[in-house]
Amino acid sequence: MELTASLIIGVVLFGIGLYGALSQTNLVMIMMGVELMLGAAMLNLVVFWRYLHPETYSLQMFVLVGMTVMALEAAVGFAVATQRFRSKGSVETEEASNLKEEQ
Amino acid sequence: MLILIIIIPITAALGVLMLREKNAHRVAVTGSLLSLLLAGYIVWQVAAGKGITNEFAGLPGIPFILHAGQFSAIVLLIVTFVAFFIFLYSIGYMSLEKGKKTFWAGMSLFLAAMQLLVLSNDWVSFIMGWELTGFASYRLIATWHHQQDAREGSAKAFMITRITDMGLYLGVFLIFLQTGSSVIDIPIENLTSLAGFAILFAVMGKSAQVPFQSWLSGAMAGPTPVSSLLHSATLVAAGIILLLKSYHLLPAEVLPWIAATGGITIVAAGLTAVFSDDLKQMLAASTSSHLGFMVLAVGAGYPGAAAAHLLAHAFMKSSLFLGAGIWQHDYESTSFNKIRAAGKHYKFIYLLFALSAAALAGIPPLIGYFSKDAVLAAGLKSNSAFWYFSAATAGALLSALYAGRALSLLWNGNSKSNEAIPVWWMRTGMIFPAVLIIAGGFFLKPVLKFMHLVMPHSTAAIAIGIAAAVIGLATGWLFLSKQYKNAVANFIRNNYTIAGGYRRWVVEPALQLAQMTVSVDKVLDKMVDGTGTMFYQLSRAVFIFEKIIGYLVQGIGQLGIWLGHITDKSDDAGIDEAVRGIANFFKKLGVKGQKLQNGMVHRELLWSVAGFIGFILILIVLNL
């Protein structure tokens with residue numbers, strides 16, 4: 001029962017994150033969505049560990065690695081956003097059409 | 001020392017050839033005079049008891065030996081004496097004629113060769129002298145080489161003597177094989193008779209014996225001094241000298257044959273002389289006849305008589321020829337028709353001529369009487385006295401006959417004369433031999449004794465000889481006609497040409513043979529040519545074959561090129577288009593794919609999410 005409920009929370013979080021990543025035009029908001037999805041995935045991981053194999057410690061390391069990846073990815077993404085802002089003055093994705101392939 | 005007497009005339013000959021023509025006679029006469037003086041000196045030395053012998057290095061084991069003993073010294077002296085006075089005569093004779101250089105050079109060369117022949121004591125140098133005299137004769141007869149009869153006569157003389165020279169070669173080879181030495185005066189026992197016959201053969205040719213006497217008639221086409229020196233006194237006497245030098249070698253069975261040859265020649269040539277119609281031809285036949293006397297004497301076994309007659313005949317005949325030469329100059333011919341009564345205009349010359357002719361007939365006390373008497377005696381004392389003596393007597397009679405006839409023809413009758421010839425030199429040349437003819441008879445016997453030869457003597461021979469001489473001269477003067485035109489006389493005059501003579505039996509077959517070999521040669525030539533052409537054609541055929549291969553290769557190449565063109569086109573049209581089509585397709589695909597990257601980040605994100613969800617669905621469906 002607790003397992004299913006936690007999983008549903010995880011799913012809801014993932015869904016929100018996904019909706020946010022898809023519908024937001026601002027790069028920062030897209031990044032937030034991605035973070036949420038990652039968080040939801042990690043929540044799933046932790047839930048499955050807590051309720052199925054609580055004696056295995058190696059999953060804790062896996063979650064920590066995931067968290068590190070989240071952080072790094074966020075850092076790189078914000079660096080790109082910062083750089084974009086410095087050159088173009090905005091981070092809206094709708095205005096980034098100059099990234100397209102040259103015809 | 002002895003070699004000098006040979007070198008001097010050779011040097012003179014070279015000098016004549018190198019200097020100008022007007023000096024030619026001076027050089028030649030000087031050479032001859034020096035030779036005469038040297039010969040006199042040699043005789044003086046030999047008479048003092050010192051025979052001179054010079055040996056020279058010749059072939060290995062066969063040295064050249066020149067020897068002046070009693071016999072050769074006297075003969076040498078006679079040769080140079082006669083030569084010198086003929087040279088003097090020739091100064092006058094050749095002053096009016098062309099061909100001086102050839103003449104004088106040839107005469108000097110001849111003199112040198114004759115001296116070599118006389119002095120040689122080994123067979124090799126003897127043959128050298130023999131051959132050189134033959135060559136000099138060939139050159140001299142053809143002095144006036146623009147005349148056809150001179151060329152023909154010269155060739156005939158040379159060919160006939162050359163063929164008979166083979167006898168000499170054969171004889172010398174046999175002597176050398178049998179004894180191993182080439183020295184002449186060594187005694188040999190039992191020489192093969194073949195060698196004797198071979199030597200006889202050579203003598204027959206060189207001394208114009210039957211059947212080879214016709215070359216002498218042809219040789220009369222040369223200048224008269226040539227006839228006088230060569231063909232009466234010396235060259236034809238070379239045969240007799242050969243017989244005398246080799247007398248000690250000759251085997252006994254050859255001697256009768258020698259005598260037979262001599263005997264037949266005496267009579268046959270004597271008849272030719274009687275019937276002749278030209279003075280020089282008569283003298284030529286008479287030379288043959290008198291050489292026959294000498295050969296007969298050798299065959300009869302008395303070489304002394306032959307030597308005596310050799311010496312006497314040299315003077316007589318040469319002086320007769322010299323006289324004939326003077327008339328030849330004036331009348332441009334020696335035919336009896338032309339020189340009728342020529343003697344009346346040249347009385348002194350006629351006197352000398354008559355003297356020599358009388359000596360030839362054998363009238364005492366001229367030299368001819370003594371020598372002919374010796375030959376007659378030799379014939380009488382020999383083994384077959386009947387034949388030899390009758391032949392000799394017939395010869396004596398005939399000599400007197402033609403001598404008388406010639407004298408008659410030259411005196412009786414009418415003729416004109418030009419009298420414009422300078423006869424001084426010619427007269428001088430004739431005088432000295434005439435002196436010897438008159439005085440020499442008394443010296444013959446002592447000279448022969450000096451030469452260690454015996455001169456036979458017989459009263460019967462003397463009587464018959466004088467009778468023959470007187471009868472013959474009288475008959476010849478009074479009775480013999482000036483022309484004989486019947487067939488028999490013509491036959492005899494033309495040297496007994498039997499069935500066409502040498503011309504038909506020797507000359508023409510030889511020429512035919514030559515023609516045949518020319519045709520054979522031509523055929524061989526054609527064959528060689530044909531072979532060459534055949535191979536050439538073959539090579540050309542091979543070349544065509546090569547051409548075919550060339551075409552073939554070219555064709556293959558063309559095929560390849562054509563294939564290349566096709567593949568080129570198919571490449572271009574087909575494969576290239578296909579590739580281009582694929583490329584275009586992918587390009588279009590790319591263009592379309594480009595739209596995925598239109599810079600709209602949102603949309604791109606949407607695509608990635610959709611793709612991800614699709615992937616999850618597939619996994620769920622496939623139960624993985």
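Laboratory data are not the source of any read-out in this text; all were calculated from the coordinates shown. In this text, all values refer to a predicted model and were calculated from it rather than measured experimentally. Cβ sites come from the backbone with ideal geometry, for glycine too, and all protein chains shown count toward neighbours.
Each Cα pair of the stretch B:109-193 feeds into the Kirkwood radius, which the Stokes-Einstein equation turns, at 4 °C and 1.567 mPa s, into a diffusion coefficient of 91 µm²/s. Each Lys and Arg contributes +1 and each Asp and Glu -1, all at the Cβ; summed about the Cα centre of the stretch B:118-202, the dipole is approximately 300 debye.
Other residues lying with their Cβ under 13 Å from the Cβ of B:G574 contribute a combined charge of -3, Lys and Arg counting +1, Asp and Glu -1. Would the stretch B:563-614 count as rounded, prolate or oblate if I go by the C-alpha gyration tensor, calling it rounded below 1.5 in a/c and otherwise prolate when a/b exceeds b/c, oblate otherwise? Prolate, since a/c reaches 1.5 and a/b exceeds b/c. Ranked by the mean number of other Cβ atoms within 10 Å of their residues, highest first, the peptides B:528-540, B:295-307 fall in the order B:295-307, B:528-540. For chain B, the longest principal axis of the C-alpha atoms and the axis of helix B:441-450 are separated by about 60°.
For B:K381, the lysines whose Cα comes closer than 16 Å to its Cα, not counting residues fewer than 8 places off in the same chain, are B:K372. Across chain B, counting alpha-carbon atoms alone, Rg and Dmax equal 47.9, 181 Å. The angle between the Cα long axis of helix B:367-381 and the main principal axis of chain B comes to about 90°, on a 0 to 90 degree scale. In terms of other Cβ atoms within 10 Å, B:E189, B:E21 run from fewest to most in the order B:E189, B:E21. Of the residues B:T567, B:A583, B:I556, the one whose Cα sits farthest towards the positive end of the charge dipole of the stretch B:551-616 is B:A583 (charges of +1 on Lys and Arg Cβ, -1 on Asp and Glu Cβ, taken about the Cα centre). Oblate is the label for the stretch B:29-174. Its Cα gyration tensor axes, ordered a ≥ b ≥ c, give a/c of at least 1.5 and b/c at or above a/b. Mean partner shielding of peptide B:600-612, defined as the number of other chain Cβ atoms within 10 Å of each residue Cβ, is 4.
For B:K569, the lysines whose Cα falls under 28 Å of its own Cα, not counting residues fewer than eight places away in the same chain, are B:K587, B:K588.
Rounded to the nearest 0.05, the FRET efficiency derived from the C-beta distance between B:R26 and B:S415 at R0 = 30 Å is 0.30.
Over the stretch B:438-541, the Kirkwood radius and the radius of gyration, each from Cα atoms, give a ratio Rg/Rh of 1.47.
About its Cα centre, the protein assembly as shown has a charge dipole of approximately 4340 debye under the convention of +1 per Lys or Arg Cβ and -1 per Asp or Glu Cβ, with nothing else charged. The simple spin-label model puts a point 7 Å past each Cα toward its Cβ; for A:L3 and B:A541 those points are separated by 10.8 nm. With a Cα-only, solvent-free Debye model of the stretch B:35-97, what are the log10 I(q)/I(0) values at q = 0.18, 0.20, 0.23, 0.26 Å⁻¹? Once normalised to I(0) and log-transformed, intensities are -0.72, -0.79, -0.89, -0.99.
Counting Lys and Arg as +1 and Asp and Glu as -1 over every other residue whose Cβ lies under 11 Å from the Cβ of B:K156, the net charge comes to +1. Calculated mean residue ellipticity at 222 nm for chain B: -25000 deg cm²/dmol, from DSSP H runs with n ≥ 4 weighted as -39500 (n - 2.57), summed, divided by the residue count and rounded to 500. As a proxy for reagent exposure, B:I566, B:I3 were ordered by neighbouring Cβ count within 10 angstrom, fewest first; the result is B:I566, B:I3. Going by the alpha-carbon gyration tensor, a ≥ b ≥ c the square roots of its eigenvalues, is the stretch B:243-324 rounded (a/c under 1.5) or, if a/c is not under 1.5, prolate (a/b greater than b/c) versus oblate? It is oblate, given that a/c is not under 1.5 and a/b is not larger than b/c. The order of B:L563, B:L19, going from fewest to most other C-beta atoms within 10 Å of their C-beta, is B:L563, B:L19. In the structure shown, the pairs B:K280/B:K338; B:K22/B:K416; B:K317/B:K347 are assessed against 22 Å; a Cα-Cα span above that value is assigned to B:K22/B:K416.
With charges set only on the Cβ (+1 for Lys and Arg, -1 for Asp and Glu), what does the dipole of chain B come to about its Cα centre, in debye to the nearest 20? So the magnitude is around 1300 debye. Taking Cα atoms only, the orientation of helix B:255-274 departs from the longest principal axis of chain B by about 80 degrees. Aspartates and glutamates within cross-link reach of B:K592: Cα-Cα under 15 Å, excluding same-chain residues under 8 positions apart? Leaving aside aspartates and glutamates fewer than 8 places away in the same chain, those within reach of B:K592 are A:E101, A:E102, B:E604.
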